Each structure stands twice: as C-alpha cells, then as structure tokens.
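Each value in this text was obtained by applying a stated rule to the coordinates, not by laboratory testing. Quick caveat: nothing in here was measured; it's all calculated off a predicted structure. A quick note on method: Cβ atoms are made from the backbone with ideal geometry, for glycine too, and the neighbour counts reach across all protein chains shown.
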Amino acid sequence: MYHQAFKCQVTGATSVTPLAAPKPAVWCEDNPSKCVKGAKQMIYWNQKTGNNIVTSGYDLARQPRSPAYNQKLGFADGAQNDIFAGPPSYGKPTTTAAPPRPTTTAAPTPTKPADDELEVVCVTRTKAKRSEATHLARMHRRRAELNF
C-alpha cells in the first residue's frame, strides 16, 4: 500500500469549522445519487486486510471496475469544499503549528496573504519524497527557463 503523508502549514484561514469525519467512497458511476457526499476516506482496495471498497463487474466503458479518485467514486475535480462539518464559522485567524523549514540562502520575506486568501505550504514526511519533490521543482524550473 502506498501513502504519501504531508505536513502542512495553513496561514490566513479565517474559518474555524472542523473537518467532517470521512466515510468510505462507493462506486456510483451508474447512479450519481449513490455517491457519498462530503468527506471521503482514502481508498483501500485489493489489500490482504483493511479494504474499504469492494468492486465487481464492469464500468460503463466495459472495463473491469478499478477504484480511483475520480467521479466514478464521487470524487469531483477541483477543491474539496464539501469536507467540512458545516458552514464556515469565523473566529480568530489561525495558523497550524509546523516546524520552521531550514534555509541555506536568504529568502525574501513572504507577504501576508490578503484577508480573502489562504496560503498552504506542505512538505512530505520522507527523505525519498523530499528529494523527489526537489527533483520535480528543478525540472519545472528548467522547463520554465527553456520556455516550455
């Protein structure tokens, strides 16, 4: 099983609404009314134990059903705005605790997000993934230099 954990620091948040308890997704390609609304659990499938979804048969494209994070299981494209335990409730803006990231060069002082902006900074929790993320950042920077 593969899971990539992230540790995130959120700044500029003004809502204090908690996340809802996630539920297992269900196959709903053929009947969208069966889709689980709200927060959904990570998909555990084809494991020796701990599966939270069982599939059989074929999808509408006549391919064997294979769960994925897409509309067939009710995961819509874009931001997951339905994961909260109610409408926004506003309190004092918060920042989640995260250790400061070490820097080796001077970095510009970040600007404070506007009142209607939310900033999320995430880092992976494993060295292998950090180096992969660093490699991807270098690759994207190089592509930008070459005007791709």
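Descriptive notes on the structure:
- The label-point distance for K34 and Y58, in a model that sets each label 7 Å from Cα toward Cβ, rounds to 1.7 nm.
- The Cβ shell under 14 Å around V36 holds other residues with a net charge of +3, Lys and Arg each +1, Asp and Glu each -1.
- In this calculation the C-beta distance from F84 to I43 is compared with R0 = 22 Å, giving a FRET efficiency of 0.60.
- Sorted by Cβ density within 10 Å, fewest first, the residues D30, D82: D30, D82
- The range 1-54: chymotrypsin sites (Phe, Trp or Tyr not before Pro) in DSSP coil with no more than 10 other Cβ atoms inside 10 Å: Y2
- Taken over the range 19-96, lysine pairs spaced eight or more positions apart, or on distinct chains, with alpha carbons under 24 Å apart number 10.
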